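Asker: Structure incoming, see below.
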Amino acid sequence: MNLSMQKYVTKATVDRIYDNSKNGISGHFIVLLLSSLLFWNNIPPLIIAFGFISHLLILSRRLYLRNEYNKVRESLVDLVDINSWLSKYRRCMFLSGLAFGLMIFFFDNLSIEYHFLILCISVGLSAGGLYTLGESFSIYAFYVITMLGSALVWIVQQDADVYRIGTILIIVAIYYNLSSGRRYANNFKQIILEQHSVSEYIKKQEEMQNELLEQKDILEHQATHDALTGLPNRILFNDRLEQSIQKAKRNDTQIALFFIDLDHFKEINDSLGHHIGDEVLKVVATRLNLVIRLEDTLARLGGDEFTIIMEDIKNIQYVIFFSQKILKVLLEPISVNNQNLYLSSSIGISLFPQDSTDLNNLLKYADTAMYKAKSEGRNNFQFYSKEMTELAFERVIMVASLKQAIIKKEFVVHYQPQIDAKNKKLVGMEALVRWEHPTLGLVSPAKFIPLAEDTGLIVDIDILVMEIAMMQVSEWRRDGLNPGILSLNLAIKQLNHDTFIIILKHNMSKYDFKSEWLELEITENDVMRKPKDAAVKLKEISELGIKIAIDDFGTGYSSLSYLKKLPIDKLKIDQSFIRDIPGSEDDNAIVKAVIAISKSLNLDVIAEGVETKEQRDFVLENGCSKIQGYYYSRPLPAEGIQEILKDFSL
């Protein structure tokens, strides 16, 4: 039996001894009382007093030990300490048996019949304690053997033959107690071991049940919460929103549902990696958790979409204030891997019961309002209105139509000439896409280009425009016409596409298009989102001999240091600065500054959006001779440009 099992058996034995000791204490008093009553006239009172006093002392010792043990029994686990308690109790039992056995020496005045009665009582007490003896052999053996041994000594000293029978009876009782007690003690140990095994089994079963319950809780949490942020997911969100609706119906209160989408979050994943994007989402979740109320529900539906359920709305002003608070907290820089990232958000809001009483409609309307916020320039919030549903429906139809238009090649290219006003020569033209819808006719780029950029369809559209324009310019040159340099708009998504360079080279080879005939325009904002990555891609394009122009220059946040590192050849002054010159002093200063920057960096410069003679004269006088705009020509289809090419002498 190992040490831990021995501890268990010994501890159980001690517990049982002290639990049963009160029965032994009661038995002592009963035996003493009966002996006194039976033999009061035959035993001197002094002897009875001695018996009572000695037993009281022993019993007091037992009571004391029992009381002390009860104080520490729950914490008593050390085997040495347990054995120490057993030794104390064993000595106490030895003295009890000795005191009880020595009483027979004072019964010389009694008749033989009384002697046998006392002997039977002694043997009966030893047999009656056999059950307890079986539980703790080493303890009660001291009591029984001492008691019977004392009686045996006394009876052997008697001369009458009848006492020989008593001697045999006591020896048999001692032997029986020893053999039976040891057997019962072993059985008791086995029982304790079996009980221990059962308790261990029950304990393991309970542990398994607890583990299963914990696992169940974990699985339920995983099923209803987002693994990344720990927020409620769509399943739990729907349940919470349904509960909120039912509660609002009972209490006649209002609910505000916020649909939050991070602006340009995909660019973080694409440029820095999804692990950085995950860290950003965690920070966003933490910040939103800090601004909501305790009773509000914040959930992540997926990607960069978060929702907030706000119950018991007292007035619309608080909803507005809360929306502004969200916009502000998400504008703060997010530090990840020792670099600061800047984000904004677009928020759509639907209200219960004003907008709808249906869960799905409330979510759909908040989503619609969020897209309205994006179309309004992002970093703002919008409340839902019925007109938004119509716009959302138009958006869905437009996306489907755009996909069909790409398949059916419904796009055409118009060209806007770029003129050298100083020499009055055509130096190039910009290719601009137009959509010839089979039923709507010619669709303005302002209606479908932003949608194409949001959905990623702009990549396929730009590839179509590139092929159409290259084929047309090659055809003009074969016919002896000189359209100058072809300018193609390059979306950042197309630039980052792995196959862009391959497709570009393929089209140049297919249409025998020389690299010096081509110029790619990329907006300043697109370049400055990831200037280092853009520089690598643009350098690869520049090494092919293709010119690169920065479009909409002045509207972004580029610095001269980055401009010097980029392989660019031209700056295009944005038409927003041209529109109010020469009447606006601010725009005049900006245009002059852009022209000065281009000269300091040895870059070509062109002004776009020139519509009047005054605008043309201003840019020309300040050193910008290349002009693009309605003053010379609107964007025209290939047939109209062909006539212009014939008129210009290049």
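Asker: Against the conditions (1) among the hydroxyl-bearing types (Ser, Thr, Tyr); (2) touching a strand residue (DSSP E or B) at 6+ places or on another chain (Cβ under 8 Å); (3) surrounded by 14 or more Cβ atoms within 10 Å (Cβ to Cβ), where does Ser271 fall short? Just the number, please.
Answerer: (2)
Asker: Could you tell me which residue of the stretch 301-339 is nearest to Lys372 (Cα to Cα), considering only residues that are modelled with pLDDT under 85 and polar (S, T, N, Q)?
Answerer: So the residue we want is Gln317.
Asker: Got a number for residues in the stretch 290-342 being on the phi > 0 side of the Ramachandran plot and either outside the structural domain of Ala248 (by TED's automatic domain parsing) or among the basic types (Lys, Arg) (or both)?
Answerer: 0
Asker: Now a separate question. Is it the case that the stretch 446-465 has a residue that's among the charged types (D, E, K, R), in contact with a helix residue (DSSP H, G or I) (Cβ under 7 Å, 6 or more places away or on another chain), part of a helix (DSSP H, G or I) and in the same structural domain as Tyr511 (by TED's automatic domain parsing)?
Answerer: Yes; the residues of the stretch 446-465 include at least one that is among the charged types (D, E, K, R), in contact with a helix residue (DSSP H, G or I) (Cβ under 7 Å, 6 or more places away or on another chain), part of a helix (DSSP H, G or I) and in the same structural domain as Tyr511 (by TED's automatic domain parsing).
Asker: Find all pairs meeting these conditions: Cβ atoms under 7 angstrom apart; at least six residues apart or on different chains; first residue within the stretch 144-171 and on the phi < 0 side of the Ramachandran plot; second residue modelled with pLDDT of 70 or more and among the aromatic types (Phe, Trp, Tyr).
Answerer: Thr146/Phe94
Asker: Moving on. Filter the stretch 288-313 for residues that are out of contact with any Phe, Trp or Tyr (no Cβ under 6 Å at 6 or more places or on another chain), in contact (Cβ under 8 Å) with a residue 40 or more places away in the chain and of a type in the set (D, E, K, R); which is farthest from Ile276 (Cα to Cα)?
Answerer: Within the stretch 288-313, the match that is farthest from Ile276 (Cα to Cα) is Asp312.
Asker: So which helices (runs of 4 or more DSSP H) are wholly in the stretch 227-305 and hold at least 2 residues that are of a type in the set (Gly, Ala, Ser), within 28 Å of Gln339 (Cβ to Cβ) and out of contact with any His (no Cβ under 9 Å at 6 or more places or on another chain)?
Answerer: 274-291
Asker: Suppose the filter is touching a strand residue (DSSP E or B) at 6+ places or on another chain (Cβ under 8 Å) and part of a loop (DSSP other than H, G, I, E, B); does Pro417 pass it?
Answerer: It is false that Pro417 is touching a strand residue (DSSP E or B) at 6+ places or on another chain (Cβ under 8 Å) and part of a loop (DSSP other than H, G, I, E, B).
Asker: Does the stretch 313-352 hold any residues that are part of a strand (DSSP E or B) and aliphatic (A, V, I, L, M), and which are they?
Answerer: Across the stretch 313-352, the qualifying residues are Ile334, Val336, Leu341, Ile347, Ile349, Leu351.
Asker: Residues in the stretch 508-536 that are touching a helix residue (DSSP H, G or I) at 6+ places or on another chain (Cβ under 9 Å), loosely packed, with under 15 Cβ neighbours inside 10 Å and not charged (D, E, K, R): how many?
Answerer: Of the residues in the stretch 508-536, 1 are touching a helix residue (DSSP H, G or I) at 6+ places or on another chain (Cβ under 9 Å), loosely packed, with under 15 Cβ neighbours inside 10 Å and not charged (D, E, K, R).
Asker: Looking at the stretch 500-510, can you tell me whether even one residue there is within 27 Å of Ala452 (Cα to Cα) and outside any helix (DSSP H, G or I)?
Answerer: Taking every residue of the stretch 500-510 in turn, none turns out to be within 27 Å of Ala452 (Cα to Cα) and outside any helix (DSSP H, G or I).
Asker: For Lys408, all conditions in the list (1) closer than 30 Å to Ile548 by Cα; (2) modelled with pLDDT of 85 or more hold save one; what is the number of the exception?
Answerer: Evaluating Lys408 over (1) closer than 30 Å to Ile548 by Cα; (2) modelled with pLDDT of 85 or more leaves (1) as the failure.
Asker: Could you grab me the full set of residues in the stretch 517-567 that are within 26 Å of Tyr342 (Cα to Cα), at pLDDT 85 or above and hydrophobic (A, V, I, L, M, F, W, C)?
Answerer: Ile522, Leu538, Ile550
Asker: Moving on. Just to be sure, is Asp512 within 40 Å of the chain's Cα centre (by Cα), of a type in the set (D, E, K, R) and assigned by TED's automatic domain parsing to the domain that holds Ala534?
Answerer: In short, no.
The values are calculated or read from the model by the stated rules, or taken from the named source; none is laboratory data. Since the structure is predicted, the reported quantities are computational estimates derived from the model, not experimental observations. So basically every Cβ, Gly included, is an ideal-geometry build from the backbone, and we count neighbours across all protein chains shown.
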